[in-house]
1. Assess whether Thr61 counts as being surrounded by 15 or more Cβ atoms within 10 Å (Cβ to Cβ), at pLDDT below 80 and touching a Gly at 6+ places or on another chain (Cβ under 9 Å).
2. Out of the stretch 1-28, which residues are assigned to a loop (DSSP other than H, G, I, E, B) and at pLDDT 90 or above?
3. Which residues, counting only those in the stretch 1-30, are exposed (fewer than 12 other Cβ atoms within 10 Å of the Cβ), touching a helix residue (DSSP H, G or I) at 6+ places or on another chain (Cβ under 9 Å) and hydrophobic (A, V, I, L, M, F, W, C)?
4. Can we say Ser86 is hydroxyl-bearing (Ser, Thr, Tyr), out of contact with any strand residue (DSSP E or B) (no Cβ under 9 Å at 6 or more places or on another chain), in a helix (DSSP H, G or I) and modelled with pLDDT of 85 or more?
5. Could you tell me how many of the residues in the stretch 66-87 are more than 8 Å from the chain's Cα centre (by Cα) and more than 16 Å from Val50 (Cβ to Cβ)?
6. State yes or no: is Val39 in a helix (DSSP H, G or I), surrounded by fewer than 21 Cβ atoms within 10 Å (Cβ to Cβ) and within 8 Å of the chain's Cα centre (by Cα)?
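The values are calculated or read from the model by the stated rules, or taken from the named source; none is laboratory data. As the structure is a prediction and not an experimental result, all values here were calculated from the model. Positions of Cβ are backbone-derived with ideal geometry, glycine not excepted, and every protein chain shown enters the neighbour counts.
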Amino acid sequence: MWGIIIFLIVGLVAGLLARALVPGKDSMGLIATTVLGVVGSFVGGGLWAVFTDAKLLDFNTAGLFLSVVGAIIALVVYNRFEAKRSSGTK
């Protein structure tokens, strides 16, 4: 139980840091920011698995640093898709 709560708090912090570091307007609430951080944790864990001998399909979560890096990557990808969608191009 406490592990999930800590995981969500780390996700929220990682999402907030990613949103602060990536320029642009991001209109997200706290839940979306937490989801961004949680996704970032899995992306960071995947990056960790690529550069170490960890197994890629273990869905490793990362520490705060790699969670922020993963959340930045996820936010940049999200912003790219959102920009294409709002401009009407495919």
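1. Details: surrounded by 15 or more Cβ atoms within 10 Å (Cβ to Cβ): yes; at pLDDT below 80: yes; touching a Gly at 6+ places or on another chain (Cβ under 9 Å): yes.
Judged against the criteria, Thr61 is a match.
2. Taking the stretch 1-28 as the starting set, the residues that turn out to be assigned to a loop (DSSP other than H, G, I, E, B) are 1, 22-28.
Passing the criteria: only Val22.
3. Keep residues of the stretch 1-30 that are exposed (fewer than 12 other Cβ atoms within 10 Å of the Cβ), which gives 1-6, 20, 23-25, 27, 29-30.
In the following step, the residues that additionally are touching a helix residue (DSSP H, G or I) at 6+ places or on another chain (Cβ under 9 Å) were identified as 24, 30.
Answer for the stretch 1-30, where residues must be exposed (fewer than 12 other Cβ atoms within 10 Å of the Cβ), touching a helix residue (DSSP H, G or I) at 6+ places or on another chain (Cβ under 9 Å) and hydrophobic (A, V, I, L, M, F, W, C): just Leu30.
4. Working: hydroxyl-bearing (Ser, Thr, Tyr): yes; out of contact with any strand residue (DSSP E or B) (no Cβ under 9 Å at 6 or more places or on another chain): yes; in a helix (DSSP H, G or I): yes; modelled with pLDDT of 85 or more: no.
In short, no.
5. Let us first name the residues in the stretch 66-87 that are more than 8 Å from the chain's Cα centre (by Cα), namely 66, 76-87.
Among the residues that remain, those that are also more than 16 Å from Val50 (Cβ to Cβ) are: 76-87.
Here the count works out to 12.
6. Values: in a helix (DSSP H, G or I): yes; surrounded by fewer than 21 Cβ atoms within 10 Å (Cβ to Cβ): no; within 8 Å of the chain's Cα centre (by Cα): yes.
It is false that Val39 is in a helix (DSSP H, G or I), surrounded by fewer than 21 Cβ atoms within 10 Å (Cβ to Cβ) and within 8 Å of the chain's Cα centre (by Cα).
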